[in-house]
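Taking it in order: structure first as structure tokens, then the write-up.
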Amino acid sequence: MTKRVLSGIQPSGNLTIGNYVGAIRQWIENQDQYDAYYCVVDLHAITVGHDPAALANKTREVAALYLACGLNPDTNVVFVQSHIPAHSQLEWLLTCATPLGWLYRMTQFKDKSAKQEQESVSTGLLSYPVLMAADILLYHAELVPVGDDQKQHIELTRDVAQRFNHLYGEIFTVPEGIYPTTGARIMGFDDPTTKMSKSSDAQKHAVHLLDDLKQVHKTIMSAVTDSGNEIVFSKDPEKAGVNNLLTVYQAFTGKSESEVMANLADARGYGDLKKAVAEIVVEALRPIQENYAELTDDVSYIDSILAYGAEKASEVAEKTLKEAQEAMGFLMARQTVKP
Ligand code: TYM
């Protein structure tokens with residue numbers, strides 16, 4: 001049986017090579033094997049302050065990038081989360097079956113809320129993982145391809161599904177996360193001890209998929225390394241910068257560690273290493289940017305893909321939502337008939 005897959009990316013900030021390697025590339029590599037649903041999770045993007053004037057365009061941009069990277073909209077369902085009301089509706093049902101303690105334990109909530117005034121942290125930031133569980137459970141997804149920063153959220157989704165099934169009957173499929181073997185966590189070029197993030201404003205932190213290619217080269221050439229000169233894959237925190245550059249090289253070439261080392265045997269120092277990484281990344285981004293320019297020449301094309309995707313997604317989502325409502329004992333709405 002073809003496995004059902006679901007994943008998504010928030011339309012917040014500019015998509016980075018971390019999002020590409022950790023998520024989108026996995027989707028594309030396996031796109032012929034799966035019955036897959038990929039959404040732009042715009043409801044998640046409002047959990048921290050957002051710009052209403054930019055949200056719609058960002059949402060379209062992320063969808064266009066999925067396609068520009070190579071996702072085939074004829075064989076995958078590509079849609080926008082907020083176009084399917086069942087996501088918010090199921091979230092409420094699941095919220096009522098999720099103990100508060102589970103949510104307070106989420107490291108992403110702890111990290112993000114620590115950066116804000118405690119009083120002004122939105123309730124949405126706390127219930128964020130329940131919405132993510134709703135995204136996954138609505139489609140009976142068996143596999144969820146993500147980067148490894150999402151592991152805890154996938155675990156929570158499994159716990160919520162199991163608890164709901166235990167309380168109300170076997171409604172949900174318990175999903176599993178899948179993580180790339182290389183590049184499940186790409187680190188910042190300005191600080192290789194922190195994850196590369198699309199929401200960071202720091203200069204030279206990230207390479208974004210739509211950055212000017214000269215800027216891409218510059219950012220990688222400015223990557224923080226160490227004071228030594230040894231080019232090796234290493235778990236030593238001192239070597240985190242070099243390890244990250246090698247990981248990016250490996251992720252973009254698809255080579256094994258020993259092949260990467262053989263390719264780079266002539267590199268005489270970190271400058272040569274950075275140059276090699278920059279060239280690989282620039283050449284990988286060039287066709288993506290060309291595809292993106294072509295696809296967005298006519299925005300109505302992206303909008304029509306999303307409209308078609310919403311129709312397909314809603315067929316599955318509505319059915320699951322009804323099953324969950326029935327299992328919880330709600331009086332189901334019937335077609336209107338004059339009493
Ligand atoms: P988001 O938007 O932060 O990131 C989208 C995807 O990119 C991966 N990723 C990375 N992978 C490797 N290295 C990095 N530096 C890096 N940064 C990000 C993430 O792991 C993710 O796969 N909660 C999710 C969005 C979401 C979702 C879902 C995902 C909402 N509902 C349902 C899967 C299924 C998030 O914030 O991703």
Could you say whether any residue in the stretch 159-170 is assigned to a loop (DSSP other than H, G, I, E, B) and either touching a His at 6+ places or on another chain (Cβ under 7 Å) or acidic (Asp, Glu) (or both)?
yes
Tell me which residues, restricted to the stretch 61-75, are of a type outside the set (Gly, Ala, Ser) and surrounded by 18 or more Cβ atoms within 10 Å (Cβ to Cβ).
Glu61, Val62, Leu65, Tyr66, Leu67, Cys69, Leu71, Pro73
Scan the stretch 204-231 for residues that are under 22 Å from the mean Cα position of the chain (by Cα) and at pLDDT below 95 and report the count.
1
Restricted to the stretch 109-157 and to residues being out of contact with any strand residue (DSSP E or B) (no Cβ under 9 Å at 6 or more places or on another chain) and among the small types (Gly, Ala, Ser), the residue nearest to Gly309 (Cα to Cα) is Ala134
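Here is a yes/no grid of residues against (1) assigned to a loop (DSSP other than H, G, I, E, B); (2) at pLDDT 95 or above; (3) within 9 Å of the ligand (Cβ to nearest atom):
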{"site": "Gly8", "(1), (2), (3)": "no, yes, yes"}
{"site": "Arg25", "(1), (2), (3)": "no, yes, no"}
{"site": "Asp32", "(1), (2), (3)": "yes, no, no"}
{"site": "Ala36", "(1), (2), (3)": "no, yes, no"}
{"site": "Gly49", "(1), (2), (3)": "yes, no, no"}
{"site": "Thr75", "(1), (2), (3)": "yes, yes, no"}
{"site": "Leu94", "(1), (2), (3)": "no, yes, no"}
Of the residues in the stretch 130-184 that are closer than 30 Å to Leu246 by Cβ and of a type in the set (Gly, Ala, Ser), the one that is nearest to the ligand (Cβ to nearest atom) is Gly147
So if I check each of Leu126, Leu94, which one is in contact (Cβ under 8 Å) with a residue 60 or more places away in the chain and within 22 Å of the chain's Cα centre (by Cα)?
Leu94
Can you tell me how many residues in the stretch 281-339 are among the hydrophobic types (A, V, I, L, M, F, W, C) and either surrounded by fewer than 16 Cβ atoms within 10 Å (Cβ to Cβ) or not in a helix (DSSP H, G or I) (or both)?
9
If you check Ala133 against the conditions, is it over 30 Å from Gln289 (Cα atoms) and touching a Phe, Trp or Tyr at 6+ places or on another chain (Cβ under 6 Å)?
no
When Thr219 is evaluated against the numbered criteria (1) in a loop (DSSP other than H, G, I, E, B); (2) away from the ligand (no atom under 13 Å from the Cβ); (3) among the polar types (S, T, N, Q); (4) within 26 Å of Asp111 (Cβ to Cβ), which criterion, by number, is the only one it fails?
(1)
Could you grab me the full set of residues in the stretch 143-158 that are part of a helix (DSSP H, G or I) and among the β-branched types (Val, Ile, Thr)?
Ile154, Thr157
Here is a check on your reading of the model: is Ala276 of a type outside the set (Val, Ile, Thr), at pLDDT 95 or above and not in a helix (DSSP H, G or I)?
no
Quick one: would you say Gly13 is among the small types (Gly, Ala, Ser), farther than 22 Å from Ile178 by Cα, surrounded by fewer than 23 Cβ atoms within 10 Å (Cβ to Cβ) and within 13 Å of the ligand (Cβ to nearest atom)?
yes
Quick check on the stretch 23-54: of everything there that is within 10 Å of Ser7 (Cβ to Cβ) and of a type outside the set (Val, Ile, Thr), which residue is surrounded by the fewest Cβ atoms within 10 Å (Cβ to Cβ)?
Trp27
Residue list for the stretch 141-186, restricted to those being without any contact (Cβ under 8 Å) to a residue 40 or more places away in the chain, within 29 Å of Lys198 (Cα to Cα) and of a type in the set (S, T, N, Q):
Gln150, Thr157, Thr181
The stretch 110-142, residues that are farther than 23 Å from Met328 by Cα and in a helix (DSSP H, G or I)
Lys110, Asp111, Lys112, Ser113, Ala114, Gln118, Glu119, Ser120, Thr123, Gly124, Leu125, Leu126
Does the stretch 174-186 contain any residue that is in contact with a Pro (Cβ under 9 Å, 6 or more places away or on another chain) and in a loop (DSSP other than H, G, I, E, B)?
yes
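The values are calculated or read from the model by the stated rules, or taken from the named source; none is laboratory data. Just so we're clear, the structure is a prediction, and the values are computed from it rather than from any experiment. Cβ: placed from backbone, ideal geometry, glycine included. Neighbour counts: every protein chain shown.
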